[in-house]
Each structure stands twice: as C-alpha cells, then as structure tokens.
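Presented below is the structure to which this report refers.
The values are calculated or read from the model by the stated rules, or taken from the named source; none is laboratory data. A quick note: this is a predicted structure, and the numbers were derived from the prediction, not measured. Reconstructed Cβ throughout: ideal geometry from the backbone, glycine too, with neighbour counts over all protein chains shown. Surface accessibility is based on the protein's heavy atoms, side chains included, excluding ligands, DNA and RNA. Shrake-Rupley method; radii C 1.70, N 1.55, O 1.52, S 1.80 Å.
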Amino acid sequence: MTQRVAIVGIGQTNHSGRRPYHNDGEVIYDAISAALADAQLSIKDIDNVIIGDMELFEGHSLNDAMLLDYTGAEGRSGFKMNTGGTVGSMNVISGWYNVASEFSDTTLVIGWEKHDEGPTTSAITTIWDPAINRPFEVGAISGLAMISNAYMTRSGCPLEVGAIVRAQASDNAARNPKAHLRERYTVQDVMSARMVLYPLNLLMICPTSLGACALVLAGEKKARKINKKPVWIRDHATAHQVTRGMDFMAEAGKIDTSMTVTGRKIFQRNHITKPMEEIQVFEMYDPCAFCQPAWLEEFGLCEAGQGWRLIEKGVTAREGSFPVSPSGGTLCTNAIGDTATVRVAEAALQLRGDAGEHQVTREVKMALASGYGGMYWTDLLLLSNTLD
Amino acid sequence: MANEVVKKEPMFTEGYVIMPYKYSVGTLASKFFIEIRDHKKINGVKCPKCNIVIVPPRSVCIKCFNKIEDLVELSGKGTLVTYTVAHYDSAVQAMKPPYAIGVIKLDGADTAITHFIGEVDFKELKAGMKLEAVFNETRNANILDIKYFKPVKNKG
Amino acid sequence: MKAKPQLELIYLDMTLKMPFKWNTGEPLGEFFRELKANEKIYANQCPTCGRNYCPPANICTRDHSRCNEKDKWVAVGPKGTLLTFFICEQSFLIPTTGEMLEVPFSVGLVMLDGAPVVLQHCLQETDVEKIKPGMRVEAVFKPKEERKGNIFDIIHFKTIKE
C-alpha cells in the first residue's frame, strides 16, 4: 500500500508587498489556477486539499474553513497545516504522506500568506514563552541575528559575506518574475543599508511579501499520464529543535541542529557521500544573509568553517558549481506560509529545466529544498527528475 | 522539597496581545459594501456559469469553482431560515445581550446571510417569517452598516 | 480619452486585543519568587543526564525526565560573560502593551557564572562599538519594593570591568 509521489503541477502568484485589489482567497485562487493549468487538470480531478499559512498574521483563525470555496476543498478531504515557518514544506510532506499511502491519488498543496494585513512582527513575537523570552524578541529576526552573530564569532566569517549573499540573491531575483524584491544590489549597496538588528541590516533580512504557491502531487500510476516531466519526491526529513529562547546557544557549533539531523538522514538513506556533486542545486529557506554560509555547514554539505569561504569563491552563485537559491530565495521573497512551498516549486522547476531566466547553468538531476521556522525546525526534501 | 515548592503562591505572567489589522475585502466585495453605504442596497453576485446567486459576495463560485465578477441587484427583503438568541456576553461581541441572530435568505439569492434581528419580540421569531433590512444612519462600508433585519409588517 | 475611474477599495480596520494570564508553572514560579525575594538567579540540573537549565526546567528536553527537585538547584550569576547579542534599531508595535518599542534596544545571551547556562536579557549598553562577545556583564535588579516576580525584576545586564 505505498506508491511513489511526483509533483505534476506547479503554480505561484507574482509576489509583492501589497495587492490591494485582492483578498486572501483570491490570491490563493490565482496560484491554484496556475498549478491546475500546469497539470492540465481541473479541480474535479483533485481528491484532497492541504493548505497552510501562519497563525494570527491575517487576524483570523480557522482560515482554511473561511477560504474553503477559494481552495476548492468543498466536499474533499484535507486539512490545514500550521507549523510556522516550515508550514510550506510540511504541506508538501503531508501531501506526500497522503499520496504515498494511496489515501489520495491527486493532492493539491497550497501555501499562502498575505503579509500586508497585520503586524506580523508582533504576531510572530507571540510564539515565544511570554514569561521568559517574549519581551526580548523582535519577531523572527532577533533569533536569526543571534545565530548570525554567533556564527561570525565562531567561524571568522566577515560581515561582507552577508552582503555577497544578498547581492547574489538580488541578481537571481532580478531574473525571476515571481520574486518580490527584484532590484539589483552591489555588495557596496548592501553594506551601506540601514541597520535593523545588528549584524543584520535592512537588506540582509527577508522582506514581508504576499503571495501563494500551489502544487499538484500525484501517485506514480497517474503522474506520468498527467505530466510528461514529473518531478519525484525521493525523500524528506523533518527535525524539530527545542529552543526555549536560545538556551542552548552556549553549545552552538558543538551540538546537532535541526539542519544537521535532516541533512544526515537524507544523505545516509540515499547513499549520498559527496552531496555537492551528487546534488546540483539547493533551494534553501534562507531568511537572513548568514543562513547560507552557516547552514551549508550545518546540513553537512561542507566542513565546519568552510561555508563562507565557498560563498566568497562564487560556488553558490547561479553559474557556480553548487547554486543556492537561484530563484532569489527567501531574502527576496517571503510570504511566509508559501515560502517553503516556493522552495520546493523552484527546485522542481530547475529539475524540469523550466526556470527560465534563472535556470542554473549546471545540468540538474537531483535537488534539495528546505523549510525552516516554527522555532528553529527544519524540513529537507530531496527531489529528482528520474526514479533511477 | 518538591511539595514545599508547590504550596507557594502561583506565579503568572499577565499581558495582552494587541494588534491592529487592515483587511482588504477585495474588488468585488468593495463594490458590495459601497452599494450598502451609498444606496442602502444589498446586492448579490451571480455565477455566469451555473447562475447561482451568492450573498454575501464571493468571487469564486462555491458550486462550480468559476470566477465571478459582477453584482446583481436584490430587494433587501428575505425569509428567516433559522435563528438564535444570544444571552452570552464576551469582549468581542458587537452588541449587548440578549439579542437575536438570524440566518436570512434574501429574495432571489441561493445562499443566506447572517445578521442581527431587531424590532422583534423574541417569542415571535419563527423560521419562514419575512424580514427586511434596516440600515444605520451613519455608514462606513462594512457589514454593520446594516443595523439589523426586522419583521415585515403586513399592510393594513 | 477619459481615464478609467479608480474603484474605491474597502479595508476593514480592526484591532486584535487578547488578554492572557499565563501560569508560569513550577519550577519557573520558584525561579521568579527567588528573583523577587532574594535577588537570586537559579539554574537546575537534570538528575538523569546532567544538562543544566536557566531558568530551571521541569522536563529535560534531552532525555524527557522530570527535574523539579530543588536540591539540584544552584545559584548562578549575577555576573557572567556575554555570548552573543543583537541591537535593534527598528521600532515595532509591542503586542503585550500596544506601544512602540523604544530603540536602540539591545539584548544579549549571557553565560552566567556558576553553571554552563545562558540567560537572555536586555543589555544596558546599546552602542555596537562598546559591545563585544566575551565581555563581562552583571545583572542589575530593581529595588525590592518594585519587584513583581517576573523577568523584569532584573532591569538589564550592565558592562563591568574586572
């Protein structure tokens, strides 16, 4: 009672800071329509719908119920995911469970956010323990600033590397019509931006975007009939990390993080010994400019202390030998509930060769996509365009 | 030792979550609310494919998943489908209890709208009774521009 | 040619205001009582695996065993070493008060003397030039009559010279 699972339809809206002519359901509907059109299916062909976003961001609860007509879930099975930053990838993983178990033949997965409607920094601040940590947190970014600062101290990574990452991301995003911030920046531009949370300045943190991304997942019996270029979900791993505030920062660099755990699982289970050769592209959920160097190390892609040196050498650029986030990544587009779904969608587009102007120059056979958030949790997915 | 700890005064952290939101209703619903504010008219939307009439408006048809873009005019009168009377008070309610809430199917519509029922003796509430909308003097283009629905008095 | 008339768009302004009263539970309650009564910061240790927690934990996150016996408690601080920090230059709405955050606002992770634990709290210093990971800091407490048994019984950590 198991079958392999493929992505057979991909749809995402253009991302932006405001979209005053549309409510949330309408934004979602655009992404679903695009995904169904890509799969050449209608909503009638879908038997299961999974949706997810961030709690409180739009100021209403149970929004899966409120948006039922827009999502096409009426009369169908499915549920809402609510795992914070990882919601967009947990959506896809839940869809995988539904299809792999043969519970569903075709599952529609929707990640979305309308970031412009609420004080999202305040909303995120409510995820922390009010008795201990909440008064000291500044949305999602304060934890990232802490991690970045600790990484720089630990590895000797200079501030400029963050600017290189952001400048590279801006060039990628300029090529991606779905991205939110599409202006090109030089390293100098990034270095001179207004400081927000030291060491992160305004350009080194992800924006607040709105948009939606939808995927159609199908079992192997149907997948090839639906789409000539199915993208297979080969494996996935999730790891949760307990961080009441940042209690265990004292052990940073010495203990396993959620990235270390998921990376190790994926590489071991799939007999991958040289990940940066056997895998050709990584769509990383990189909400601040120091995530790429720090997490290349933590995922086990390179040795500790080498992450920022690889970036300096241009390895992670779109034309490099191991491109990271060639879509522009989370640094340029972040409608949180859809951010990790977009990572999977963009990795799949790279595998299909359909990424257009931001297609990487290297031939892609296997790709990684990650989700991050919900209190330092990580999802990691391994995708490929063949089943060999 | 552990028992001794438990007997001391319980500790709490008290506070609020206070957050302003700005919710955009969308193009179609904007037209709907502007009609209520400017002309005291409750419109519906009609699916061009299956002809279902939906109030309050949704821009995707709940039956056939088709996109809807246009309003159709309705009379503002309707029939009570079901109702309740609230006796419970909480911080988020827009009216002081007791008050009646009804599900009202407007003439010409296929779906129903939920709102307060006013100018009525609760004992006289009955499914199937005819109701009409009463509007507030000051209107701000939101659903509370409709003050409530009241029973239609028989003429004569 | 006339320009297409701009449609007026409707927004709903609303305020989410949710009061909460959060029971700190034990042993965090005891941690706050000690802050309030004795200006003491406590850490505890998991009786099974020996991991240290500050504020004291009742369940060890590593091995899931309970650790609420007060005899595993040690007083730590008030002095410590700064591990990492941030300085916030951007104000935002604080949801617990409805007011805007006063900036610059700096927060650090302090490794307290006495046990391998980290406490997160405000720093008195907000000048980036004057903050370095590795520098020595010390907790500053509110006067006794102003202490309420919450984390703000400590005002902040100040920089010290040793």
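See the values below:
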{"quantity": "Filtered residues of segment B:59-80 (kept if open to solvent by less than 70 Å² (accessible area, probe 1.4 Å) and either over 23 Å from A:Ser33 (Cα atoms) or among the polar types (S, T, N, Q) (or both))", "calculated": "B:Ser59, B:Asn66, B:Val72, B:Leu74, B:Gly76, B:Gly78, B:Thr79, B:Leu80"}
{"quantity": "Residues being within 10 Å of chain B (Cβ to nearest Cβ) and surrounded by fewer than 24 Cβ atoms within 10 Å (Cβ to Cβ) - total across segment A:31-60", "calculated": "8"}
{"quantity": "Within segment A:182-199, tally of residues that are in contact with a Gly (Cβ under 8 Å, 6 or more places away or on another chain) and open to solvent by less than 60 Å² (accessible area, probe 1.4 Å)", "calculated": "2"}
{"quantity": "Filter result (within 12 Å of another protein chain (Cβ to nearest Cβ) and either crowded, with 17+ Cβ neighbours inside 10 Å or within 14 Å of the chain's Cα centre (by Cα) (or both)) within segment C:136-154", "calculated": "C:Gly149, C:Asn150, C:Ile151, C:Phe152, C:Asp153, C:Ile154"}
{"quantity": "Odd one out for C:Ile87, checked against (1) in contact (Cβ under 8 Å) with a residue 12 or more places away in the chain; (2) among the aliphatic types (A, V, I, L, M); (3) within 14 Å of chain B (Cβ to nearest Cβ)", "calculated": "(3)"}
{"quantity": "Matching option when the condition is in contact with a Leu (Cβ under 8 Å, 6 or more places away or on another chain) and either farther than 15 Å from B:Ile42 by Cβ or small (Gly, Ala, Ser) (or both), among B:Glu137, B:Glu69", "calculated": "B:Glu69"}
{"quantity": "Residue list for segment C:96-112, restricted to those being part of a strand (DSSP E or B) and not hydroxyl-bearing (Ser, Thr, Tyr)", "calculated": "C:Met100, C:Phe105, C:Val107, C:Gly108, C:Leu109, C:Val110, C:Met111, C:Leu112"}
{"quantity": "Residues of segment C:67-84 classified as out of contact with any helix residue (DSSP H, G or I) (no Cβ under 7 Å at 6 or more places or on another chain), within 14 Å of chain B (Cβ to nearest Cβ) and not aromatic (Phe, Trp, Tyr), total", "calculated": "3"}
{"quantity": "Matching residues in segment A:90-102 - criterion: being small (Gly, Ala, Ser) and in a helix (DSSP H, G or I)", "calculated": "A:Ser94, A:Gly95, A:Ala100"}
{"quantity": "Residue among A:Gly305, A:Gly253, A:Gly320, A:Gly314 that is surrounded by fewer than 24 Cβ atoms within 10 Å (Cβ to Cβ), free of Cβ contacts under 8 Å to residues at least 60 places away in the same chain, on the phi > 0 side of the Ramachandran plot and not β-branched (Val, Ile, Thr)", "calculated": "A:Gly314"}
{"quantity": "Residues located in segment C:53-65, provided they are more than 20 Å from A:His240 (Cα to Cα) and more than 9 Å from chain A (Cβ to nearest Cβ)", "calculated": "C:Pro56"}
{"quantity": "Residue in segment C:94-109 that is under 20 Å from A:Ala140 (Cα atoms), more than 14 Å from chain B (Cβ to nearest Cβ) and of a type in the set (Phe, Trp, Tyr) present", "calculated": "yes"}
{"quantity": "Any hit, segment A:270-278, residues being buried (at least 24 other Cβ atoms within 10 Å of the Cβ), touching a Phe, Trp or Tyr at 6+ places or on another chain (Cβ under 6 Å) and not in a loop (DSSP other than H, G, I, E, B)", "calculated": "no"}
{"quantity": "Tally of residues being within 8 Å of another protein chain (Cβ to nearest Cβ), of a type in the set (Ser, Thr, Tyr), in contact with a Phe, Trp or Tyr (Cβ under 6 Å, 6 or more places away or on another chain) and open to solvent by less than 20 Å² (accessible area, probe 1.4 Å) across segment A:114-168", "calculated": "1"}
{"quantity": "Among the residues listed as C:Ile10, C:Ile87, C:Ile41, the single one being out of contact with any Pro (no Cβ under 8 Å at 6 or more places or on another chain) and β-branched (Val, Ile, Thr)", "calculated": "C:Ile10"}
{"quantity": "First in segment B:95-113 and more than 20 Å from B:Ile54 (Cβ to Cβ), second anywhere and part of a loop (DSSP other than H, G, I, E, B) and open to solvent by less than 40 Å² (accessible area, probe 1.4 Å), Cβ under 9 Å, 6 or more apart", "calculated": "B:Tyr99/B:Gly118; B:Ala100/B:Gly118; B:Ala100/B:Val120; B:Ala100/B:Leu125"}
{"quantity": "Check on A:Glu183, under 23 Å from A:Glu297 (Cβ atoms) and at pLDDT 95 or above", "calculated": "no"}
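Let's see how each residue does on (1) open to solvent by 60 Å² or more (accessible area, probe 1.4 Å); (2) acidic (Asp, Glu):
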| residue | (1), (2) |
| --- | --- |
| B:Thr27 | no, no |
| B:Glu35 | no, yes |
| B:Ile42 | no, no |
| B:Lys49 | yes, no |
| B:His87 | yes, no |
| B:Ala100 | no, no |
| B:Lys105 | yes, no |
